[in-house]
Amino acid sequence: MVEQLIKKYSGSAAVILLLVLLFEAATDWSGWLEPVLFPGLSKILPAFGKSFPKLVLGFGNSMGMLAPSYFLALALGIGGGLVIGSSSWLRGLLMPVFRGVSPIPPTMLIPYAIAILPTFWLSSAFIIFAGAFWPILMGTIHGVVHLEERYIENARTLGLGGFRLYRNVILPGALPMIFSGAGMALVFSFILLTVAEMFGAKSGMGHFIQYNADFSDYPKVLAGMLFMSLVIILIMELFDLVQRRMLHWTGKR
């Protein structure tokens with residue numbers, strides 16, 4: 001197990017180490033980059049250690065906003081995608097609308113979310129939900145549409161129908177595309193989380209970065225960015241683990 005982990009991450013660790021060395025060469029070692037905007041590790045690491053309790057608290061607050069927004073988008077996107085993808089009539093009716101609405105950047109909705117929703121938290125959660133919903137919905141629809149018809153016909157021949165057909169045939173067959181959309185949505189959710197926390201939150205990882213940027217405390221800004229990057233890496237690794245477990249039948253690793 002340990003050998004597999006070392007083999008898997010040794011290349012990535014080497015790339016990260018190279019980038020760190022290049023950054024240090026351009027900051028602490030040579031001063032080539034502007035020292036106020038680009039402090040070196042000699043300033044970033046102490047700021048990281050000093051701010052770690054606040055960063056952990058901010059992580060909890062950020063996940064308290066991102067998790068319900070993302071999982072609601074996951075539930076509605078998959079559920080709606082399965083129903084719409086299975087009905088040619090619904091696809092013909094709704095897909096032109098989806099193609100017109102889904103490209104609208106969720107950040108364009110911020111003024112309306114603030115004006116309509118009663119709290120900044122709900123406004124921020126809505127922006128994250130709006131960004132995560134469309135990739136999941138469209139991925140699910142495409143997954144159902146591209147499922148080979150013979151699988152559904154064979155299942156119906158065996159007497160499967162209704163909920164059992166969705167659970168045992170359509171959903172598993174669409175899972176690769178669902179995970180593709182869900183992965184894109186998760187990455188997009190972190191981007192929107194940072195944006196949302198910058199205008200409405202009083203805590204969180206994005207708020208920590210913006211707050212210290214307002215005071216030109218760039219060691220803490222970069223420490224916050226480093227912490228957020230580590231969090232995203234760990235969460236995406238967990239997502240990939242779940243994906244591999246649920247798609248084991250595809251034979252892909």
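Hey, got the dipole for the chain? About the Cα centre, +1 on K and R Cβ, -1 on D and E Cβ, debye to the nearest 20? The partial results should precede the final answer.
Details: 17 positive and 12 negative charges, 149 e Å.
So the magnitude is around 720 debye.
Given points 7 Å out from each Cα along the Cα-Cβ axis, report the residue 154 to residue 21 separation in nanometres with one decimal.
5.3 nm
For the chain, which DSSP H helices look membrane-span-like by this rule: Cα extent along the axis of 24 Å or more and mean Kyte-Doolittle of at least -1.0? If you can, show how the numbers build up before the last one.
Values: long enough: 2-24 (30 Å, 1.27); 41-86 (57 Å, 1.07); 120-145 (38 Å, 1.63); 171-200 (40 Å, 1.66); 218-246 (42 Å, 1.26).
Correct list, ordered by number: 2-24, 41-86, 120-145, 171-200, 218-246.
Ignoring ligands, DNA and RNA, please state the percent of accessible area on the chain from carbon and sulfur, probe 1.4 Å. Please list the in-between numbers first.
Details: 10640 of 14980 Å².
Its accessible area is 71 percent carbon and sulfur atoms.
Is it possible to state the helix-based mean residue ellipticity at 222 nm for the chain, with each DSSP H run of 4+ residues giving -39500 (n - 2.57), the sum divided by total residues, to the nearest 500 deg cm²/dmol? What is it?
Working: 10 runs with 198 residues, N = 253.
That calculation yields -27000 deg cm²/dmol at 222 nm.
So I have (i) 40, 25, 14; (ii) 26, 25, 16; (iii) 32, 19, 17, and one of them is semi-axes √(5λ) of the Cα gyration tensor in Å calculated from this model. Which one is it?
After the calculation, the listed value that fits is (i).
Run the numbers for residue 14 and residue 104: contour at 0.36 nm per residue of separation, minus the present Cα-Cα distance, in nm.
Stretched fully, the residue 14-residue 104 segment lengthens by 28.5 nm.
With contacts defined as alpha carbon pairs under 8 Å and 6 or more residues apart, what's the relative contact order of the stretch 52-147 in percent? Let's see the in-between values first.
On the way: 75 pairs, mean separation 47.1, N = 96.
Over the stretch 52-147, the number comes to 49 percent.
If you roll a 1.4 Å probe over the heavy atoms of the protein chains, what accessible area per residue do you get for the chain, in Å²?
Numbers: 14980 Å² over 253 residues.
For the chain, the solvent-accessible area averages 59 Å² per residue.
When only Cα pairs under 8 Å and 6 or more residues apart are kept, what is the percent relative contact order across the chain? Walk me through the numbers on the way to the answer.
Values: 251 pairs, mean separation 60.9, N = 253.
Computed over the chain, the figure is 24 percent.
The values are calculated or read from the model by the stated rules, or taken from the named source; none is laboratory data. Quick caveat: nothing in here was measured; it's all calculated off a predicted structure. Here Cβ is always computed from backbone atoms with ideal geometry, including for glycine, and neighbour counts include all displayed protein chains. To get the accessible areas, we keep the full protein, side chains included, count just its heavy atoms, and leave off ligands, DNA and RNA. Shrake-Rupley method; radii C 1.70, N 1.55, O 1.52, S 1.80 Å.
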